[in-house]
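Let me begin by presenting the structure, written as structure tokens, before commenting on it.
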Amino acid sequence: MVDQSMEQMVRQMRRGLERTPLSRRGFMWASAMSASAAFLAACSSGGGASSAPSAAASEAASTAPSEAASVEPSQALESLGPEPSFVVPPNIESELFMYNWGDYVDPNNMKLFQDVYGVKKFTYDVFSNNDEMMAKFQGGATGQWDICCPTMNYLPAMRDQGFLSKLDKSLIPNLKYVDAAFKGKYWDPTDEYSAPKDWGTTGITVRTKDVKEPVTTWREFLDLIPKYSGKVVFVDSADDVFIAPLKANGYSLNSDVKEELDKAREELLKVAPHLLALDSDQYNTKIETEEAVLGLTWTGGILELRDKPKTADVVYTIPADGTVFWLDTWVVLADPPHPIAANAWINFIHEPHIQAIETETNRYATPDSAAKQFIDPKLLADPALFVADDVVAKLEPQKDNSGIQQRQDIWAEFKSKIGQG
Amino acid sequence: MTASTEVAPVRRARPRRSVRSGLLTGLLVLPASAWYLILLVAPLVIVVIMSFGTKSRFGGYDPGFTLANYGDALDPDRVSPFVTSISLAIGGTVLCLLAALPIAYFIATRGGSRKSMLVVLLIVPFWTSFLIRTYAWLTILGPDGVGGFVGGVVGDPSFRILGTPGAVLLGVVYGYLPLMVFPIYVTMERMDRTLIEASKDLGAGRWATFRQVTLPITATGLITGSILVFIPLMGEYVIPAILGYGRVFLIGNQLVLQFLESRNWPQGAARAVVLIAIMLVSVVFYLWFANRGRRVREVSVL
């Protein structure tokens, strides 16, 4: 646990350094938040000493900046347009325990939620992939957190094992903003257990400065890898890596057919020696430093690279032979310590203004069309983020393939052969 | 008669005292043995039981009895992580030993008044998280650091240090060195200096003194240090994942994959049992080998 939070800290530090100049809205948030940051700093520095001056300092800090912190966010919101309505449920708990992917919620939104809903303690624990999260609950971690963000293909198994609570929809009126395309799907046919968070694709990242060949399909991608041996990075995720060999051969990315998986194994073992790394956390850094010039990646951290002059040649492509559609979802866990706060959070995050800020921070597509009017038009026009309709038609939803032993065996074999020979 | 009555109470007192001391001993040993039972023996038993089970529908563990997990663990096509782990553990231990010996020797014999300061300096890195220190190597060895510099000097733009076994070995030696230095330092520190003088008086040179006096006396420190480094190294997985880019795939990484990714706990448990067996055998062999050498020397001294 300690190691994970440390890893998380490092990642945040790195991201903080790499973050592109603040957007208009980001700047307003930042100025509102810098006051509370100053307050925190004053508190922590005052807490260490015990003499009279420090008492005076902390007193000063607790009056002036905290006032600023509670006033300025709403001012910032006003300037964005109509005031969003936050309905604070009566008898809401003063704590919320979240178990989520790293860096996956805008910190200012978390702060605003705390201020508006009076949630004093907001913990944010981190998992690095769905299986790790699942392993935690199978190990008996139920009741430890209120809210979690599994990818949709893990929902059925979580529901069947009793890890989830039903949503309290009377507390989440904002679900009305969710597009019909995300309702009644296989992962939650009755929409009782989950609300969509954001969605995205897995695709090909290319440094066009170094790779001159066109790469528009998985076939071309796999064939190019030996040429750029030692300069290729894949995300460390079995489901995503299987997409390339399966789609390149025209199979379903959820295939469980032995012959098709045999073919996928052959293709994967062929490229394994040429990979620089399997890396879910730092793949964008490797692309940025040109350690890797080709990548099988998510969009996270990649889209920002295109905004920097040094890395403007980075291109993210959704392969023409089709790729995965993934959706992360908000769920309330079984036996939540703070059920009302958990449902209130889901309602809060689906408020269109808040949703727009989430999209701008995380750079994943929102499932709420109502939020789009508040999103930076430049982001809306990005085909890598808000995918064109004809491309959407080629996306295939990720299913739960964890029960297919052959896939597990191939994955283990592939992982042990990375960079070997 | 009187003599026997005098003796009798003494006889009776003896068992009473031994009962009391037995109780006391039991009480004192209780925390340690409870710790040992709950945190070592019980989990070990669970792992062994689990290794014979099967994966449940959703991953995790279903009770059962099958040897398939061991078959998979010992499959010749899949033992390469064991081999990589053993060779890295041996290489890392030897390098740690070679690096630690001069450091410990220097601090113990030439430290003087700065001795405690030097020891503190060895501990200072522990104040920072191990993970952050390992991440720091990413910057140091990366394309903007030593890796890029060496590449520039050699004239090979694709040269890199990160993601090679060398980087992993470096990270390992860096991380585990203090574990080796301290035991060696302690034995050298406690060593009776007059023995060295005696050796010199008897005409032995510096090297001969080191080889025939210092080294045998510090052998306990060397053995302790080696075991302290070797055992955690066999289970290492963070350093290869970060500095090795996952290109150095150890048994620790395999265990993470099976427990956290495939969620095939029985298969992972079987590998864990095999790993424990390998460590037991190698440590027992090592101790036997090390002690055998010493016994021979004692005999020759006699």
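The values are calculated or read from the model by the stated rules, or taken from the named source; none is laboratory data. All values derive from a computational prediction rather than experimental measurement. In this analysis, Cβ positions are derived from the backbone assuming ideal geometry, glycine residues included, and neighbour counts consider all displayed protein chains.
Would you check which residues across the range A:182-208 are assigned to a strand (DSSP E or B) and under 17 Å from the mean Cα position of the chain (by Cα) and list them?
A:SER194, A:ALA195, A:PRO196, A:LYS197, A:ASP198, A:TRP199, A:GLY200, A:THR201, A:GLY203
Please find, among B:THR224, B:THR220, the residue that is modelled with pLDDT under 90 and within 25 Å of the chain's Cα centre (by Cα).
Every option except B:THR220 fails the conditions.
Only one of (1) part of a loop (DSSP other than H, G, I, E, B); (2) surrounded by fewer than 20 Cβ atoms within 10 Å (Cβ to Cβ) is not met by A:PRO319, so which one is it?
Only one criterion is unmet by A:PRO319, namely (2).
Could you identify the single residue in B:LEU118, B:LEU122 that is modelled with pLDDT of 90 or more and surrounded by 11 or more Cβ atoms within 10 Å (Cβ to Cβ)?
After applying the criteria, what remains is B:LEU118.
Six or more apart or on different chains, Cβ atoms under 6 Å: show the pairs whose first residue is in the range A:104-124 and exposed (fewer than 15 other Cβ atoms within 10 Å of the Cβ) and whose second is of a type outside the set (Val, Ile, Thr) and outside any helix (DSSP H, G or I).
A:LYS120/A:SER94; A:LYS121/A:GLU95; A:THR123/A:PHE97
I'd like to know if the range A:289-299 contains one or more residues that are surrounded by fewer than 19 Cβ atoms within 10 Å (Cβ to Cβ), within 25 Å of the chain's Cα centre (by Cα), outside any helix (DSSP H, G or I) and at pLDDT 95 or above.
No, the range A:289-299 has no match at all.
Got at least one residue in the range A:134-142 being closer than 22 Å to A:GLU192 by Cβ and modelled with pLDDT of 95 or more?
no
Given the options B:PHE210, B:PHE182, name the one that is crowded, with 17+ Cβ neighbours inside 10 Å and closer than 23 Å to B:ASN291 by Cα.
B:PHE182
Of the residues that make up the range B:206-214, is at least one over 30 Å from A:GLN405 (Cβ atoms), of a type in the set (Gly, Ala, Ser), in contact (Cβ under 8 Å) with a residue 24 or more places away in the chain and away from chain A (no Cβ under 14 Å)?
No, every residue in the range B:206-214 fails to be over 30 Å from A:GLN405 (Cβ atoms), of a type in the set (Gly, Ala, Ser), in contact (Cβ under 8 Å) with a residue 24 or more places away in the chain and away from chain A (no Cβ under 14 Å).
Just to verify a result, which residue in the range A:362-402, among those that are touching a residue at least 60 places away in the same chain (Cβ under 8 Å) and of a type in the set (Phe, Trp, Tyr), is surrounded by the fewest Cβ atoms within 10 Å (Cβ to Cβ)?
The qualifying residue surrounded by the fewest Cβ atoms within 10 Å (Cβ to Cβ) is A:PHE374.
Taking the criterion of being hydroxyl-bearing (Ser, Thr, Tyr), surrounded by 18 or more Cβ atoms within 10 Å (Cβ to Cβ) and either more than 14 Å from chain A (Cβ to nearest Cβ) or in a loop (DSSP other than H, G, I, E, B) (or both), would at least one residue in the range B:75-96 satisfy it?
Yes: the range B:75-96 contains one or more residues that are hydroxyl-bearing (Ser, Thr, Tyr), surrounded by 18 or more Cβ atoms within 10 Å (Cβ to Cβ) and either more than 14 Å from chain A (Cβ to nearest Cβ) or in a loop (DSSP other than H, G, I, E, B) (or both).
Which of the residues belonging to the range A:344-399 are aromatic (Phe, Trp, Tyr) and part of a helix (DSSP H, G or I)?
Of everything in the range A:344-399, those that are aromatic (Phe, Trp, Tyr) and part of a helix (DSSP H, G or I) turn out to be A:TRP345, A:PHE348, A:PHE374.
Looking only at the range A:408-417, count every residue that is in contact (Cβ under 8 Å) with a residue 12 or more places away in the chain, within 9 Å of chain B (Cβ to nearest Cβ) and of a type outside the set (Asp, Glu) and tell me the total.
Selection size over the range A:408-417: 4.
Look at B:GLY163 and say whether it is touching a residue at least 40 places away in the same chain (Cβ under 8 Å), within 14 Å of chain A (Cβ to nearest Cβ) and not in a helix (DSSP H, G or I).
Answer is yes for this residue.
Yes or no, residue by residue, for (1) touching a strand residue (DSSP E or B) at 6+ places or on another chain (Cβ under 6 Å); (2) of a type in the set (D, E, K, R):
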site	(1), (2)
A:LEU164	yes, no
A:ASN174	no, no
A:TYR177	yes, no
A:ASP191	no, yes
A:SER194	yes, no
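Which residue pairs have Cβ atoms under 6 Å apart, sit 6 or more places apart or on different chains, and have a first residue in the range B:58-86 that is acidic (Asp, Glu) and a second that is in a helix (DSSP H, G or I)?
Every condition considered, the pairs that remain are B:ASP72/B:GLN267.
Given (1) closer than 30 Å to B:PHE259 by Cα; (2) at pLDDT below 95; (3) assigned to a helix (DSSP H, G or I); (4) in contact with a Pro (Cβ under 7 Å, 6 or more places away or on another chain), identify the lone condition not met by A:GLN420.
Evaluating A:GLN420 over (1) closer than 30 Å to B:PHE259 by Cα; (2) at pLDDT below 95; (3) assigned to a helix (DSSP H, G or I); (4) in contact with a Pro (Cβ under 7 Å, 6 or more places away or on another chain) leaves (3) as the failure.
Could you please give the count of residues in the range A:62-102 that are at pLDDT 50 or above, among the acidic types (Asp, Glu) and crowded, with 18+ Cβ neighbours inside 10 Å?
So the count comes out to 1.
Which residues, taken from the range A:146-181, are outside any loop (DSSP other than H, G, I, E, B), in contact with a His (Cβ under 8 Å, 6 or more places away or on another chain) and hydrophobic (A, V, I, L, M, F, W, C)?
A:LEU175, A:VAL178, listed by residue number.
Specify which of the listed residues (A:GLN405, A:GLN420) is surrounded by fewer than 17 Cβ atoms within 10 Å (Cβ to Cβ), within 30 Å of A:THR216 (Cα to Cα) and within 14 Å of chain B (Cβ to nearest Cβ).
After ruling out the rest, the residue left standing is A:GLN420.
Which of the residues belonging to the range B:107-142 are facing chain A (nearest Cβ under 10 Å) and either farther than 28 Å from B:ILE242 by Cα or in contact with an Asp or Glu (Cβ under 6 Å, 6 or more places away or on another chain) (or both)?
Residue satisfying the conditions is B:LEU131 alone.
Which one of B:ASP201, B:ASP192 is at pLDDT 90 or above, surrounded by fewer than 18 Cβ atoms within 10 Å (Cβ to Cβ) and of a type outside the set (Val, Ile, Thr)?
Only one candidate qualifies: B:ASP201.
Taking the range B:32-74, which residues are part of a loop (DSSP other than H, G, I, E, B), more than 14 Å from chain A (Cβ to nearest Cβ) and hydrophobic (A, V, I, L, M, F, W, C)?
Scanning the range B:32-74 gives B:PHE52, B:PHE65, B:LEU67, B:LEU74.
Quick one: is B:THR218 in contact (Cβ under 8 Å) with a residue 24 or more places away in the chain and either farther than 18 Å from B:SER87 by Cβ or touching a Leu at 6+ places or on another chain (Cβ under 8 Å) (or both)?
yes
(1) more than 14 Å from chain B (Cβ to nearest Cβ); (2) closer than 15 Å to A:GLY203 by Cα: which one isn't true of A:GLY295, the others all being true?
Here A:GLY295 clears every test but (1).
Does the range A:95-145 hold any residues that are part of a loop (DSSP other than H, G, I, E, B) and acidic (Asp, Glu), and which are they?
Scanning the range A:95-145 gives A:ASP103, A:ASP106.
Can you find, within the range A:226-281, the residue that is farthest from the chain's Cα centre (by Cα) among those that are of a type in the set (Phe, Trp, Tyr) and within 11 Å of chain B (Cβ to nearest Cβ)?
A:TYR228
Only one residue in B:GLN267, B:GLN258 is polar (S, T, N, Q), crowded, with 23+ Cβ neighbours inside 10 Å and more than 8 Å from chain A (Cβ to nearest Cβ), so which one is that?
The unique qualifying residue is B:GLN267.
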